[in-house]
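Please treat every number below as a calculation from the coordinates, not as lab data. Note that the structure is predicted; figures quoted are calculated from it, not measured. Please note: Cβ atoms are built from the backbone with ideal geometry, for glycine as well, and neighbour counts cover all protein chains shown.
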Ligand SMILES: *Cc1c(COP(=O)(O)O)cnc(C)c1O
């Protein structure tokens, strides 16, 4: 085995090269570039896939967060409860609206610890943004919704990493006012560039979001509210329409890979693995990533690298509050900080071969057996 890649970008194209070329030719020849029929089809299909009344295609997942928070009325001096174990995009969206992110710590599954929400609520709290990471919805998601209702808070889900995941049978992105998705190339459903979507059951919110992503313009070009330019390109929508039909199969494959990792790695006491892919439990996880905690992480990474296994550190190895220039140096989150001392991501994507996973398991086993 020469190398096991962390993610295989060229393979994204190669897998269906001819079909993609055909889609591009057909779409470009028709002149359907902006807000075209492929986008409308994708919005309908994606709404149906998530069981939502509406899906609104936007430029990327970050804009999905920014626009839905703004459309939900979040603005200057509002407090938004969220986590620091996330991509900076989640926090960016809050900060760019002039609102204040209030970080709470994570639970054992690396997602928001729902039991810490109530202690963080102040008279200024307006919203909760749970980040459903690595393909898993927060444990106790129904409690989160109850707390939000009780305190009259808006829930906007960062669902960028959980397309297709479920909790108690309910789809990711559908627990609150809006759910925000990303189609960045490495995401579960990725295109060949940037794209995102918002899902919601709220008709009024949906119609405002449709205008907001297009300069606040209504059907006939009249400007109805302030917006910006954040449309999901029709060409990306055409590609996403094609890919959406494969998504369930890709999720099955990711769950099989997670089972194979678990079978091979569970015996190692120095590791903490993500929850198993349950069949009939509360969670249906889709394994956007396989995020593990490892003792002697740095040495393990060195050993993996020497043996040709590529891994990644989530977001370069830091939680958002740990990036000094962002100004959160007074924030203390012991569980999040402890996690980042041990955390790494193993290769996880549908085209990964059984022998490659076996090899990763062997290399890790060899490292700890020698300890
Ligand atoms: C990818 C991602 C985003 C942002 O999505 P983009 O499409 O890259 O803007 C936001 N939050 C999380 C958790 C993500 O993983």
Q. Could you list log10 I(q)/I(0) for the stretch 89-233 at q = 0.09, 0.13 Å⁻¹, which the Debye formula gives when each Cα is one point scatterer?
A. -0.30, -0.63
Q. In Å, what is the Rg of the alpha-carbon atoms in the chain, and how long is Dmax?
A. 20.7, 69
Q.
Quick check: residue separation of residue 362 and residue 192 times 0.36 nm, minus the Cα distance between them. What number comes out in nm?
A. 57.9 nm
Q: Taking 7 Å along the Cα-to-C-beta vector as the label spot, tell me the residue 270-residue 34 distance in nanometres, rounded to one decimal.
A: 5.6
Q: Work out how much length residue 24 to residue 332 would gain on full extension: take 0.36 nm times their residue separation and subtract the Cα-Cα distance, in nm to one decimal.
A: 106.0 nm
**Q.** Taking the chain and dividing mean pair separation by its residue count, relative contact order in percent (alpha carbons under 8 Å, at least six apart)
**A.** 21
Q. How high is the FRET efficiency from residue 95 to residue 225, r the C-beta distance, R0 22 Å, rounded to 0.05?
A. 0.50
Q: Hey, could you grab the Kirkwood Rh for the stretch 325-366? Inverse mean 1/r over distinct alpha carbon pairs, Å, one decimal.
A: 13.5
Q: Report, in deg cm²/dmol and to the nearest 500, the calculated mean residue ellipticity at 222 nm for the chain, where each DSSP H run with n ≥ 4 adds -39500 (n - 2.57) and the sum is divided by the residue count.
A: -11500 deg cm²/dmol
Q: Would you mind calculating the gained length between residue 341 and residue 323 on full extension (0.36 nm times residue separation, minus the Cα-Cα distance), in nm to one decimal?
A: 5.0 nm
Q. Once all Cα-Cα distances of the stretch 152-201 are split into 5 Å bins that start at 0, what whole-number percent is in each one?
A. 5, 24, 27, 22, 14, 6, 2, 0
**Q.** Most mobile listed residue (106, 137, 34) in the chain, GNM with C-alpha springs under 10 Å
**A.** 34
Q.
With only alpha-carbon pairs counted, each pair once and no self-pairs, how large is the Kirkwood hydrodynamic radius of the stretch 3-148 in angstroms?
A. 18.2
Q.
Would the stretch 58-126 count as rounded, prolate or oblate if I go by the C-alpha gyration tensor, calling it rounded below 1.5 in a/c and otherwise prolate when a/b exceeds b/c, oblate otherwise?
A. oblate
**Q.** Burial order of peptide ranges 244-253, 57-66 (average beta-carbon count within 10 Å, highest first)
**A.** 57-66, 244-253
Q. Can you list the residues of the stretch 76-90 with backbone N under 20 Å from a point 7 Å past the Cα of residue 124, pointing along Cα to Cβ?
A. 76-84, 90
Q: Assuming R0 = 35 Å, can you tell me the calculated FRET efficiency for the pair residue 201 and residue 371, based on Cβ-Cβ distance, to the nearest 0.05?
A: 0.10
Q.
Tell me the Rg and the Dmax, in Å, that the Cα atoms of the stretch 206-323 produce.
A. 21.5, 63
Q: Stick to the Cα atoms of the stretch 255-354, pair each with every other, and give me the Kirkwood hydrodynamic radius in Å at one decimal.
A: 15.2
Q: Could you order peptides 346-359, 269-282, 75-88, 168-181 by the average number of other Cβ atoms within 10 Å of their residues, highest first?
A: 168-181, 75-88, 346-359, 269-282
Q) Measuring from label point to label point, each 7 Å out along Cα→Cβ, what is the residue 142 to residue 16 span in nm? A) 3.6
Q) Any idea how far apart residue 315 and residue 217 come out in nm if each label point goes 7 Å out from Cα toward Cβ? A) 3.5
Q | For peptides 255-262, 19-26, sequence by mean Cβ density within 10 Å, most packed first | A | 255-262, 19-26
